[in-house]
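Derivation of every value follows stated rules applied to the coordinates shown; laboratory data play no part. Values in this document were obtained by computation on a predicted structure and should not be read as measured data. Here Cβ is always computed from backbone atoms with ideal geometry, including for glycine, and neighbour counts include all displayed protein chains.
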Amino acid sequence: MHGLESSMFQSLREFIKYMLTGRGLFVLPYPQIAIFCRSALLDEDMRNVVQHPSQTDSRDPDNIPNIEIIPIPYDASEQKTDLQGEGAFSLLCALLRPKSIGTVRLTSTDARVRPACDLGSLTVKEDYLVMRKVIRLALRIGRQMREQGYPLRDLYVPQSESDTDLDDFIHHSGRTTYHYSSTCRMAPEDDVIPGVVDDELRVYGVHGLRIADASVFPSIPATHLQAPVVMVAEKCADFLRAELLHSRSTYMP
């Protein structure tokens, strides 16, 4: 969709392709939808677990969405698969708030040298427990779509819904996306996971340096990070403006 919006040539080419062959991007409507869930509220049958209102405290981490399912149709006619001439539809399963913790450390005093980055993906068993739920939920959605008449057939799914097969599928199919955060988290220096910036985005021990990006979040938000980063940037601008006004008033004769 981004390509169609940004390139008139590609839009015209896809339109002609659709008119002449009935294939291409215009065949597949891109759904503006995503499913956000709280895995703690799902049972083994992937149905909502009814809870008393007193158990739904919004401050409880278990009551924050931590999984996402994104329906993504795409044109498979140009892909190297056995779906030549057909469309494909996938349910992309995402873990929004992993428990695994990665590390970033400097390897040189030369700013041109890349730091050592270990994402730590799926290094704790709690993440596997959540991923099993989101995959089972996606499989259940797929079954219900077939029951309603959608001509879907499995292309790339786990061998079964057993824990062993799901873990094997996660291990070999899982990948990360470019929504990294919390590497320079806002927290006290003596926190269990030591903080890098204070509550005004100032880096501890480095005078005059602030950080204003996704790395300052104390924990990963249960959403895509673009809007929260804009919010952090706006707040950082406020801090800088206030500091500038304060310094001017201090040094005025």
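For every residue, the table says whether it meets (1) of a type outside the set (Asp, Glu); (2) over 30 Å from ILE211 (Cα atoms).
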residue: ALA138; (1), (2): yes, yes
residue: GLU147; (1), (2): no, yes
residue: ASP154; (1), (2): no, yes
residue: ILE170; (1), (2): yes, yes
residue: THR176; (1), (2): yes, no
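Since GLU243 meets every condition but one in (1) without any contact (Cβ under 8 Å) to a residue 12 or more places away in the chain; (2) closer than 30 Å to GLU126 by Cβ, which condition does it not meet?
(2)
State all residues of the range 169-191 that are touching a residue at least 60 places away in the same chain (Cβ under 8 Å) and either polar (S, T, N, Q) or not in a loop (DSSP other than H, G, I, E, B) (or both); if no residue qualifies, say none.
Scanning the range 169-191 gives THR177, THR183.
Do the conditions hold for ILE220, that is, is it crowded, with 17+ Cβ neighbours inside 10 Å and touching a Ser or Thr at 6+ places or on another chain (Cβ under 9 Å)? Lay out the reasoning, then the answer.
Values: crowded, with 17+ Cβ neighbours inside 10 Å: yes; touching a Ser or Thr at 6+ places or on another chain (Cβ under 9 Å): yes.
In short, yes.
Criterion first (surrounded by 13 or more Cβ atoms within 10 Å (Cβ to Cβ), closer than 22 Å to LYS99 by Cβ and over 20 Å from the mean Cα position of the chain (by Cα)) does GLY142 satisfy it? Write out each step before concluding.
Numbers: surrounded by 13 or more Cβ atoms within 10 Å (Cβ to Cβ): yes; closer than 22 Å to LYS99 by Cβ: no; over 20 Å from the mean Cα position of the chain (by Cα): yes.
No; evaluated as a whole, the condition is false for this residue.
Quick one: which residue in LEU122, LEU166, LEU137, LEU129 is closer than 30 Å to CYS184 by Cα and assigned to a helix (DSSP H, G or I)?
Values: LEU122 fails: assigned to a helix (DSSP H, G or I); LEU166 fails: closer than 30 Å to CYS184 by Cα; LEU137 fails: closer than 30 Å to CYS184 by Cα.
Unique residue meeting the criteria: LEU129.
Take ARG153 and decide whether it is touching an Asp or Glu at 6+ places or on another chain (Cβ under 9 Å) and either loosely packed, with under 11 Cβ neighbours inside 10 Å or in contact (Cβ under 8 Å) with a residue 40 or more places away in the chain (or both). Talk me through it step by step, then tell me what you get.
Numbers: touching an Asp or Glu at 6+ places or on another chain (Cβ under 9 Å): no; either loosely packed, with under 11 Cβ neighbours inside 10 Å or in contact (Cβ under 8 Å) with a residue 40 or more places away in the chain (or both): yes.
Criteria not met by ARG153.
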